[in-house]
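Report on one structure; see the data block that follows.
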Protein chains: 2
Amino acid sequence: MTAPSHDRYLIVSTDGHAGLLPEKYRDYLDPQFRETFDAQIEAEIAERAAREKDFLIKDYNEKWREGNVGMLAAAWDSDLRNQVIDDDGVAAEVLFPDGITERNAPPFGAGLSLKPWGVKPELQWAGARAHNRWMAEFCQQEPTRRIGLAIVPMLYDVDDAVAEVIWAHEHGLKGILIPALMGDRPAYNHPRYHPVWRACAERGMVVHTHSGPAPDYDFSLPGAMGVFLCEFAWWAARPLWHLIFGGAFELFPELKFCLTEVSEFWVPSMLEMMDVRASVKHTSGKLGDFRSNLTLKPSEYWRRNCWLSASALFDEGSTAVRHQIGMESVMWGTDFPHPEGSWPHTKEKMKQYMTGIPEAELTMMLSTNALTCYGLDAAPLHAIAARIGPPKALFVGDPQ
Amino acid sequence: MTAPSHDRYLIVSTDGHAGLLPEKYRDYLDPQFRETFDAQIEAEIAERAAREKDFLIKDYNEKWREGNVGMLAAAWDSDLRNQVIDDDGVAAEVLFPDGITERNAPPFGAGLSLKPWGVKPELQWAGARAHNRWMAEFCQQEPTRRIGLAIVPMLYDVDDAVAEVIWAHEHGLKGILIPALMGDRPAYNHPRYHPVWRACAERGMVVHTHSGPAPDYDFSLPGAMGVFLCEFAWWAARPLWHLIFGGAFELFPELKFCLTEVSEFWVPSMLEMMDVRASVKHTSGKLGDFRSNLTLKPSEYWRRNCWLSASALFDEGSTAVRHQIGMESVMWGTDFPHPEGSWPHTKEKMKQYMTGIPEAELTMMLSTNALTCYGLDAAPLHAIAARIGPPKALFVGDPQ
C-alpha cells in the first residue's frame, strides 16, 4: 500500500467516542424495553451523575466542557462531527460508545464499561442493540470516515453474540467492543466463545477492549484514584492472554484483536514474560503443559493478530517503546471528545510529541497500520487527508 | 556494614518455606478449635490433593519428590533443615508457610494463599496462630539462621492483627505475611489498616506478600495455566500500589514491605508508570488530586520502603533489570523446597546465572540488602558463611 505523495499525513484516529444523550436512545430500543426504559432512565442518569462526581473532578471537567460546549454535540451530530475532525486534521475514526465522558452512553449498563454484574443481561443487550442501530446509521451517513464498532456483551448467550456480530457486519460496522471484565462469567479462554471468534475472524470484524472498566473500587479511600490508574490498563488487557493461551489466535489465525487506551509501558515486559512462561522452563515445569495448543510464541500471535491503539502514547514520553511493541502494531487515536485525549489541540500535541519521529514510522502509526487492521480503502481517505491532514513539515526537526 | 574479607559469599535466602504436615498442627491449635480440626482435617487434606491434581503435573512433581524425599522433612525437622541449607550454601532463610508444595500448610485456609473468601475468619485465624506458634519454636531452635514470618489474616478484625504482630515480634519473628488478595474486604488503602502498619513500622516487622494467591481460575480450561502465569505476579503485587497511594509509606516512613517471588520484568515499567500517573498530567487531570497525601514520588517510596525477593530472578535471563529495580531493593531466595526454586542445586544454578555479576552487586543481592531489610546481626552469619557459603571464585568469569 503506497501512500500518495502529497505533503500531509493521513490520520486514522483509532480511538474516538460517539453516542446519543441517554434519553435519545429510546427510539432505537426494541419496543418491548421502552416501558422499562421510561421507568428507569432518570434514575440511571442520576446514578451516572453521582458516579461521575465520585470519579471525576467537577471543576476540571466543567471548565473543560464550558470551553468546548458547542462542539460536544459532535458525539452524535453528523455534520458537526465532520467539522470537528476536519479541524483536528483527522480523516477517519474508530468509534466506541460513551461520547461525552460518562454522561452519554447507552442505557442499562451497555456503555464502555460493560460490567457483567449489577445488570440484567437482557437489558444490557437491549441497550447495546439500541446503540448499535444508531451507530450503524451514524456510520452510514459517512461511511468512509466512520469505522463503527458494535457493543457485544458476549459473556451471556453465545448465539446472541454471534448473531450481533453478523448483524453488525451486514450493517457496515467494522468490529466489536467486548466486556473487558469477565466477573463470574466463564473466562475468555473458554471454548464456548469460539463461535464468536470465528464469526469475527471470518468477517474481518476487529475485536476490541477499551480501558475504563474496573472492579467496584471504593473511591472514597485515600489514593483510590492512584490505584485505579495503576490498574486500569490491566483490567482492559487481561483478555489478551486469555485469547493467546486459550488458543483463539491459533484456532482462528485471521482473528484481529485491538487493545485501546491501555497504556503501553507494560507491553514489552508482558510480551517477554509470556514468551518466557510459554517456553519450557524449570520454573514453570511443575505447572504442566499449557503450551501444547500453541504453535507460535505468544509474542508472535501478538505481532500477527493484535494491535495497540495508543491514545495516550505520545503524552507520556514513551515513544521509545514503540519498536518493542512492534511498529506494525501501534496505532494512534485522539480519544475525541474525552478531556484526556488530544482534541481540540491535536495538531499542537502531535507537534509536541511526534516531532523527530521518522516519516515512515509516523505514517505507520497514524494510518497504514489502521488501514490494515480495519481493511480500509486507502484512496478516498488520502483524498480527505490531502485537504485536512496535518502538513508533514510540521513534524520535521529535533524532538521537542 | 563491611563484610569480612573471607573468600565465600554470605547467602541470606529471602524465600524459604517451612511448615508441619497438616495433621501435626493440632497440638498448636487453641484447644477450642481441635474438635473442628478433627472433624475437618481429612476432608481438607483430600481437597488440597484434588486441587494439587488440577494445578500441578503429577509426574513432574512425583518424580521431583521421589528424588528428594528424604530431604523434604526439612520443612519441619530442625536438624535436617540445617543440613539441607548447609549443603546448599545458605546461611540463613526467611521462612514462609507451605513447606512442601501444596501438601503441608496450616489448616483452615491459613496457608500461603490466605484467600479471604471460602473460609471462616475465626478458623483461618486459628490456623494462622497455630502455625505462628510452631514457627516461633522452630526459629528459637536456630535464631541466627531462621528469619520467621507470622501469618496475619489482617483483613478481618484489625485489633486481632495488631495483637498478632506484637505477639510475633515478642516471640522472635521478623515479619508478617499478609493476604495478597483482598476479595470483598476493604482494600489496603483503607485507613482502618493504619494500626497494623504502625505496629509493624515501630517494630521493624517486615510486611510481605508472596506469589501463589489468585482468584478461583477454572483450570480445566485450555491455557488457564498460561493465564495464571501471566497474572500471579500481579495478584501478589497489587498491595504495593495500595500502600503507596494510600499513604502508608508516607505516614509510616519506617514501614518495610517486601514482594516475594513476583517476577521482576514488570517492576521498572510499573515504577515508571506510577511516577507518570502521580505527576500532574493532562491525561489524569480529570481524575483529581490523589497525590496530595504524598510528598515523594512512588518510585522513591519503593526505594526507601520496599524490597523485592526475586527467587526466580536468575532463572529467566533478566538480571539486566536489577539496576532499574534498584540494586538496594533486590534480594535473592532459593525457594526451598519448591521444585521451581534452586534447591537442591543452588550452587550450580548460581554459577549458571550469576557468573560475571560484579562481587559488589552479588554481595548486595545475596546478603547485605537482606541484612538491612530484616535488621540482622551480620557477624554470626558471616561466621556460618565462612564455613558453608559458596566460594566467590565460583562466579568469576564471563557470563554463562
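The values are calculated or read from the model by the stated rules, or taken from the named source; none is laboratory data. Quick caveat, the model's predicted, so the values are computed rather than measured. FYI the Cβ positions are ideal-geometry reconstructions off the backbone, even for glycines, and counts take in every protein chain you see.
Given the residues B:Asp79, B:Asp59, which is the only one that is farther than 16 Å from B:Ala110 by Cβ, part of a helix (DSSP H, G or I), out of contact with any Pro (no Cβ under 6 Å at 6 or more places or on another chain) and modelled with pLDDT of 95 or more? Working first, answer last.
Details: B:Asp59 fails: modelled with pLDDT of 95 or more.
Residue meeting the stated conditions: B:Asp79.
Could you list, ordered by first residue, the pairs with Cβ atoms under 8 Å in which the first is in region A:56-75 and within 11 Å of chain B (Cβ to nearest Cβ) and surrounded by 15 or more Cβ atoms within 10 Å (Cβ to Cβ) and the second is modelled with pLDDT of 75 or more and assigned to a helix (DSSP H, G or I), at least 6 apart or interchain?
A:Arg65/A:Leu72
If I filter region A:189-218 down to residues being in contact with a helix residue (DSSP H, G or I) (Cβ under 9 Å, 6 or more places away or on another chain), part of a loop (DSSP other than H, G, I, E, B) and more than 9 Å from chain B (Cβ to nearest Cβ), which single residue comes out as surrounded by the most Cβ atoms within 10 Å (Cβ to Cβ)?
Ranking the candidates gives A:Met205 first.
Considering only residues that are β-branched (Val, Ile, Thr) and surrounded by fewer than 20 Cβ atoms within 10 Å (Cβ to Cβ), look in region A:369-400 and name the one that is farthest from the chain's Cα centre (by Cα).
Here is the first cut: in region A:369-400, the residues β-branched (Val, Ile, Thr) are A:372, A:384, A:388, A:396.
Within this subset, residues satisfying the condition of being surrounded by fewer than 20 Cβ atoms within 10 Å (Cβ to Cβ) are A:372, A:388, A:396.
Working: A:Thr372: 16, A:Ile388: 24, A:Val396: 29 Å.
Restricting to residues being β-branched (Val, Ile, Thr) and surrounded by fewer than 20 Cβ atoms within 10 Å (Cβ to Cβ), the top hit is A:Val396.
Which members of region B:257-279 meet the condition of being in contact with a Pro (Cβ under 6 Å, 6 or more places away or on another chain) and either in a loop (DSSP other than H, G, I, E, B) or facing chain A (nearest Cβ under 10 Å) (or both)? Reasoning before the result, please.
Restricting attention to region B:257-279, the residues satisfying the condition of being in contact with a Pro (Cβ under 6 Å, 6 or more places away or on another chain) are B:274-275, B:278.
If the condition is that a residue be in contact with a Pro (Cβ under 6 Å, 6 or more places away or on another chain) and either in a loop (DSSP other than H, G, I, E, B) or facing chain A (nearest Cβ under 10 Å) (or both), then B:Met274, B:Ala278 are the ones that fit.
Going through region B:66-76 one residue at a time, which ones are part of a helix (DSSP H, G or I) and touching a Leu at 6+ places or on another chain (Cβ under 7 Å)?
So the first thing to find is which residues in region B:66-76 are part of a helix (DSSP H, G or I), and the list is B:66-68, B:72-75.
Those that are part of a helix (DSSP H, G or I) and touching a Leu at 6+ places or on another chain (Cβ under 7 Å): B:Ala73, B:Ala74.
If you check A:Trp241, A:Trp234, which single one turns out to be at negative phi, in contact with a Cys (Cβ under 7 Å, 6 or more places away or on another chain) and in a helix (DSSP H, G or I)?
Details: A:Trp234 fails: in contact with a Cys (Cβ under 7 Å, 6 or more places away or on another chain).
It is A:Trp241.
Please state which of the following conditions A:Gly356 fails to meet, knowing it meets all the rest: (1) on the phi < 0 side of the Ramachandran plot; (2) surrounded by fewer than 19 Cβ atoms within 10 Å (Cβ to Cβ).
(1)
Looking only at region B:243-256, filter to residues that are touching a Pro at 6+ places or on another chain (Cβ under 8 Å) and surrounded by 24 or more Cβ atoms within 10 Å (Cβ to Cβ); which one of those is farthest from the other protein chains (Cβ to nearest Cβ)?
Our first condition is that a residue be touching a Pro at 6+ places or on another chain (Cβ under 8 Å); within region B:243-256, this holds for B:244-247.
In the following step, the residues that additionally are surrounded by 24 or more Cβ atoms within 10 Å (Cβ to Cβ) were identified as B:244-246.
Numbers: B:Ile244: 7, B:Phe245: 3, B:Gly246: 4 Å.
So, considering only residues that are touching a Pro at 6+ places or on another chain (Cβ under 8 Å) and surrounded by 24 or more Cβ atoms within 10 Å (Cβ to Cβ), the one farthest from the other protein chains (Cβ to nearest Cβ) is B:Ile244.
Please work out which residue is nearest to B:Phe257 (Cα to Cα), limiting yourself to region B:315-364 and to residues that are without any contact (Cβ under 8 Å) to a residue 24 or more places away in the chain and either touching a Lys or Arg at 6+ places or on another chain (Cβ under 8 Å) or more than 11 Å from every other protein chain (Cβ to nearest Cβ) (or both).
B:His323
Would it be correct to say that B:Gly183 is free of Cβ contacts under 8 Å to residues at least 40 places away in the same chain, within 14 Å of chain A (Cβ to nearest Cβ), among the small types (Gly, Ala, Ser) and more than 23 Å from B:Pro268 (Cβ to Cβ)? Lay out the reasoning, then the answer.
Values: free of Cβ contacts under 8 Å to residues at least 40 places away in the same chain: no; within 14 Å of chain A (Cβ to nearest Cβ): yes; among the small types (Gly, Ala, Ser): yes; more than 23 Å from B:Pro268 (Cβ to Cβ): yes.
Taking the combined requirement at face value, the residue does not satisfy it.
Please go through region A:114-126 and give me each residue that is surrounded by 22 or more Cβ atoms within 10 Å (Cβ to Cβ) and closer than 27 Å to A:Glu62 by Cα, ordered by number.
Within region A:114-126, the subset surrounded by 22 or more Cβ atoms within 10 Å (Cβ to Cβ) is A:114, A:124-126.
Of everything in region A:114-126, just one residue is surrounded by 22 or more Cβ atoms within 10 Å (Cβ to Cβ) and closer than 27 Å to A:Glu62 by Cα, namely A:Leu114.
Looking at this structure, is A:Gly127 in contact with a strand residue (DSSP E or B) (Cβ under 9 Å, 6 or more places away or on another chain) and at pLDDT below 95?
Values: in contact with a strand residue (DSSP E or B) (Cβ under 9 Å, 6 or more places away or on another chain): yes; at pLDDT below 95: no.
No: the conditions fail for A:Gly127.
Looking at B:Leu229, B:Leu177, B:Leu221, B:Leu240, which one is within 12 Å of chain A (Cβ to nearest Cβ) and in contact (Cβ under 8 Å) with a residue 60 or more places away in the chain? Let's see the steps before the verdict.
Numbers: B:Leu229 fails: in contact (Cβ under 8 Å) with a residue 60 or more places away in the chain; B:Leu177 fails: within 12 Å of chain A (Cβ to nearest Cβ); B:Leu221 fails: in contact (Cβ under 8 Å) with a residue 60 or more places away in the chain.
When all the criteria are applied, what remains is B:Leu240.
In region A:288-314, what residues are part of a helix (DSSP H, G or I), modelled with pLDDT under 85 and buried (at least 21 other Cβ atoms within 10 Å of the Cβ)? Quick ask: steps written out before the conclusion?
The initial filter retains those residues of region A:288-314 that are part of a helix (DSSP H, G or I), namely A:298-305, A:313-314.
Then drop every residue that is not modelled with pLDDT under 85, which leaves A:313-314.
The one that is part of a helix (DSSP H, G or I), modelled with pLDDT under 85 and buried (at least 21 other Cβ atoms within 10 Å of the Cβ): A:Leu313.
Does any residue in region A:83-103 that is acidic (Asp, Glu) come within less than 6 Å, Cβ to Cβ, of a residue that is at pLDDT 95 or above and in a helix (DSSP H, G or I) six or more places away or on a different chain, and which pairs are these?
A:Asp86/A:Ile388
On the given criteria, is B:Pro179 within 21 Å of the chain's Cα centre (by Cα), within 18 Å of B:Pro116 (Cα to Cα), in a helix (DSSP H, G or I) and at pLDDT 95 or above? Before you say what the answer is, go through the steps one by one.
Working: within 21 Å of the chain's Cα centre (by Cα): yes; within 18 Å of B:Pro116 (Cα to Cα): yes; in a helix (DSSP H, G or I): no; at pLDDT 95 or above: yes.
Criteria not met by B:Pro179.
State which residue pairs qualify: first residue farther than 18 Å from B:Ile147 by Cα and inside region B:374-400, second residue of a type in the set (S, T, N, Q) in any location, beta carbons under 6 Å apart, and separation of 6 or more residues or different chains.
That search, which allows pairs on different chains as well, returns B:Phe395/B:Thr355; B:Gly397/B:Thr355; B:Pro399/B:Thr355; B:Gln400/B:Gln352; B:Gln400/B:Thr355.
From A:Pro143, A:Pro121, A:Pro107, which residue is under 19 Å from A:Ile41 (Cα atoms), of a type outside the set (Gly, Ala, Ser) and out of contact with any helix residue (DSSP H, G or I) (no Cβ under 8 Å at 6 or more places or on another chain)? I'd like the intermediate steps shown before the answer.
Values: A:Pro143 fails: under 19 Å from A:Ile41 (Cα atoms); A:Pro107 fails: out of contact with any helix residue (DSSP H, G or I) (no Cβ under 8 Å at 6 or more places or on another chain).
None of the other options fit; the residue is A:Pro121.
Looking at region B:208-255 only, could you name the residues that are among the small types (Gly, Ala, Ser) and over 30 Å from B:Arg291 (Cα atoms)?
We begin by selecting, within region B:208-255, every residue among the small types (Gly, Ala, Ser); these are B:211-212, B:214, B:220, B:223-224, B:226, B:233, B:236-237, B:246-248.
Answer for region B:208-255, where residues must be among the small types (Gly, Ala, Ser) and over 30 Å from B:Arg291 (Cα atoms): B:Gly212, B:Ser220, B:Gly223, B:Ala224, B:Gly226.
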